[in-house]
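Beneath this line is the structure, given in structure tokens, with notes to follow.
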Amino acid sequence: MKKIIILTFLVSFIFSCSPKHYDYSAMSVPEEGGIKFVQYTRDDEVVIGPSVKVNPTTKQLVWYASPFIAVSPNGEMIAYVARVNQLNNLYIKNIKGGRTTMQRSFNRYVMDMSFSPDSKKIAFTEKRQNIHNINQINSTQGAAVQQIAASTRDEMGPSYSIDGKEIFYTREEGNRFYIWSFNTETSLVTQYGEGFTPVMTPDGEQMIITRNSKTGFRGEIWSINLKTGMETLILNDPVKGYSSPSISSDNKTIACVGVTQKSAGYPQNLDIYTVQIDGTKLTQVTFHGGYDISPQWTPDGKSLFFISQRGNPNGEYNVWKMEQR
């Protein structure tokens with residue numbers, strides 16, 4: 001399995017990466033009978049996914065939480081990371097055409113990304129000289145890269161405010177992680193609180209984040225009201241972790257990554273779950289024994305793009321889309 005090995009925020013619930021002796025070649029499993037899966041990338045595109053490991057002491061899964069794909073708000077493009085010429089670069093594929101691919105950064109070690117609300121720009125994380133920083137680039141033309149957040153701290157996982165004027169991101173400070181924002185008009189930076197993987201709700205009123213539990217490194221999903229500062233726990237579990245929230249366009253449903261315990265025929269792995277923004281109706285959506293990660297809603301809120309090991313005998317990643325039949 002192709003992956004990026006990084007030392008940043010990890011969510012717990014694996015020193016080997018892929019489950020051994022598991023057949024990844026199936027596109028779906030019986031428990032996913034109501035879902036249609038469509039593969040959007042080819043094996044020769046060498047799609048890269050986040051690091052997934054096993055904690056040697058606890059034997060729990062830990063993974064890099066920021067999404068390795070992004071869907072443009074206009075519904076026309078999907079961005080992902082692919083490895084070409086020993087470099088992990090940002091690529092964009094036309095969703096409707098399926099095969100048109102553009103490289104939007106050069107000679108860089110790209111790790112995650114997010115489209116601006118008007119779909120014209122992409123903010124992404126780049127690792128250089130062992131430091132993670134935030135950059136911005138035009139999504140359709142030119143290759144000029146604007147550095148957004150660059151310090152001696154690791155800064156990663158960018159996402160835009162609803163009006164596109166602010167870029168929210170995660171900053172690591174002494175093995176703890178905090179949400180910050182960069183105002184693109186004034187260059188002012190603001191700290192919002194502890195957590196990582198920030199995404200805005202479509203109404204612009206709340207920020208949905210991941211936060212490690214107080215009793216360990218199990219990821220929890222929280223919301224922060226941007227007007228009142230009130231913090232609300234949406235999803236947690238005493239055994240397994242969740243991360244990587246993506247909110248649907250109707251402001252009601254969160255898709256996220258969560259751990260699925262080992263069971264008959266399936267190894268311990270990562271799957272996609274959905275939960276209502278009020279914390280109700282937690283539902284496991286995928287059941288494949290490989291890793292299903294980085295869920296991203298389509299603009300109409302009817303489907304999810306994600307990265308998965310499914311459909312490849314070697315458990316290598318590709319970009320997939322799931323649709324209700």
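The values are calculated or read from the model by the stated rules, or taken from the named source; none is laboratory data. Just so we're clear, the structure is a prediction, and the values are computed from it rather than from any experiment. A quick note on method: Cβ atoms are made from the backbone with ideal geometry, for glycine too, and the neighbour counts reach across all protein chains shown.
What number of residues in the stretch 165-187 are at pLDDT 90 or above and either under 23 Å from Met230 (Cα atoms) or among the aromatic types (Phe, Trp, Tyr) (or both)?
To start, the set of residues in the stretch 165-187 that are at pLDDT 90 or above comprises 165-172, 177-187.
Checking which are either under 23 Å from Met230 (Cα atoms) or among the aromatic types (Phe, Trp, Tyr) (or both) leaves us with 165-172, 177-183.
Residues that pass the stated criteria total 15.
Select from the stretch 149-159 the residues that are over 14 Å from the mean Cα position of the chain (by Cα) and surrounded by 13 or more Cβ atoms within 10 Å (Cβ to Cβ) and write down the one among them that is modelled with the lowest pLDDT. If we take residues in the stretch 149-159 being over 14 Å from the mean Cα position of the chain (by Cα) and surrounded by 13 or more Cβ atoms within 10 Å (Cβ to Cβ), then Ala150 is modelled with the lowest pLDDT. Within the stretch 207-220, residues that are in a loop (DSSP other than H, G, I, E, B) sit with their Cβ atoms under 9 Å from residues that are surrounded by 16 or more Cβ atoms within 10 Å (Cβ to Cβ) and of a type in the set (Gly, Ala, Ser), at 6+ positions apart or across chains, in these pairs: Ser213/Ser12; Ser213/Gly219; Ser213/Gly241; Gly216/Ser12; Gly216/Gly241; Phe217/Ser12; Phe217/Gly241.
Can you report the number of residues in the stretch 219-239 which are hydrophobic (A, V, I, L, M, F, W, C) and under 19 Å from Val257 (Cα atoms)? Lay out the reasoning, then the answer.
Our first condition is that a residue be hydrophobic (A, V, I, L, M, F, W, C); within the stretch 219-239, this holds for 221-222, 224, 226, 230, 233-235, 239.
Subset that is under 19 Å from Val257 (Cα atoms): 221-222, 233-235, 239.
Count: 6.
Residues that are at pLDDT 95 or above and surrounded by fewer than 19 Cβ atoms within 10 Å (Cβ to Cβ) within the stretch 301-310 comprise just one, Ser303.
Considering every residue within the stretch 278-293, establish whether at least one is within 17 Å of Tyr64 (Cβ to Cβ), modelled with pLDDT of 95 or more and part of a strand (DSSP E or B). Within the stretch 278-293, one or more residues are within 17 Å of Tyr64 (Cβ to Cβ), modelled with pLDDT of 95 or more and part of a strand (DSSP E or B).
Cβ-Cβ distances below 6 Å connect the following pairs, each with a first residue in the stretch 42-55 that is within 15 Å of Asn88 (Cα to Cα), a second residue that is surrounded by fewer than 18 Cβ atoms within 10 Å (Cβ to Cβ), and a separation of six or more residues or different chains: Val46/Arg83; Ile48/Lys2; Ile48/Arg83; Ser51/Ile5.
Just one of the listed residues (Lys59, Lys53) is surrounded by fewer than 21 Cβ atoms within 10 Å (Cβ to Cβ) and not in a loop (DSSP other than H, G, I, E, B), namely Lys53.
State all residues of the stretch 123-144 that are surrounded by fewer than 17 Cβ atoms within 10 Å (Cβ to Cβ) and hydrophobic (A, V, I, L, M, F, W, C); if no residue qualifies, say none. Passing the criteria: Ile131, Ala143, Ala144.
Any residue in the stretch 130-139 that is outside any strand (DSSP E or B) and more than 23 Å from Tyr91 (Cα to Cα)? First the steps, then the outcome.
Residues of the stretch 130-139 outside any strand (DSSP E or B): 130, 139.
From what's left, more than 23 Å from Tyr91 (Cα to Cα): none.
Checked the stretch 130-139: no residue is outside any strand (DSSP E or B) and more than 23 Å from Tyr91 (Cα to Cα).
Among the candidates Ser187, Ser151, single out the residue that is in a loop (DSSP other than H, G, I, E, B) and over 18 Å from Val110 (Cα atoms).
Numbers: Ser151 fails: over 18 Å from Val110 (Cα atoms).
None of the others qualify; the one that does is Ser187.
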